[in-house]
Amino acid sequence: MDGADILSVWSAAEAGLRHARSGNGPAFIWAQCVHLEGHFLGDPLLDMRRRPGYSFRKRARPMLLSFFRRGGAPWPERMAALRQILGMVRAAQDQTDSQNDPLVRARRTLLAENPGKLEQLESAVQVEIRRVVAAAGQPAPGGAT
């Protein structure tokens, strides 16, 4: 399932909750989601997207020097590697575009297809936040601190 498809995830979560609450044990949702960040903290491609001036100055000179250095890979391979790097930078740009943010997409989808469900979700979130904040001020169960 597409983890960015809020309506499918919502439906699967409702079915899983019904299953678990009826005493049938746990339920799992298998969904594929896009990385909002890179594959690791400090991913240089995302840094290049977020801070292009700084990152480009920091990385451009060594990349250009290595690209034009004598020896090494033949020119066609160097050009292919450069195209691959530019493709990864474009992919990082797509991932960090605010219109691709899963929360923005989910809200937009729910507003368009089921505004009542969005209102219900936001109301439930507010209730849960109030419950958690109230519980945070209470002593731990069993008198533990």
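Could you work out how much longer the chain between F28 and A73 gets when fully extended? Use 0.36 nm per residue separation minus the Cα distance between them, nm to one decimal.
Gain in length upon complete extension: 11.4 nm.
Tell me the label-point distance for the pair L17, V132, using the 7 Å Cα-to-Cβ offset, in nm and rounded to one decimal.
Each label point is offset 7 Å from its Cα along the Cβ direction, giving 1.5 nm.
Given 0.36 nm per residue, what is the gain on full extension from W10 to E122 after removing their alpha carbon distance, in nm?
Answer, rounded to one decimal: 39.0 nm.
Between A112 and D43, what is the label-to-label distance in nm when each label sits 7 Å out along the Cα-to-Cβ direction?
Modelled inter-label distance: 2.5 nm.
Just so you know, all these numbers are worked out from the coordinates, no wet-lab data involved. Source: prediction; values computed, not measured. Please note: Cβ atoms are built from the backbone with ideal geometry, for glycine as well, and neighbour counts cover all protein chains shown.
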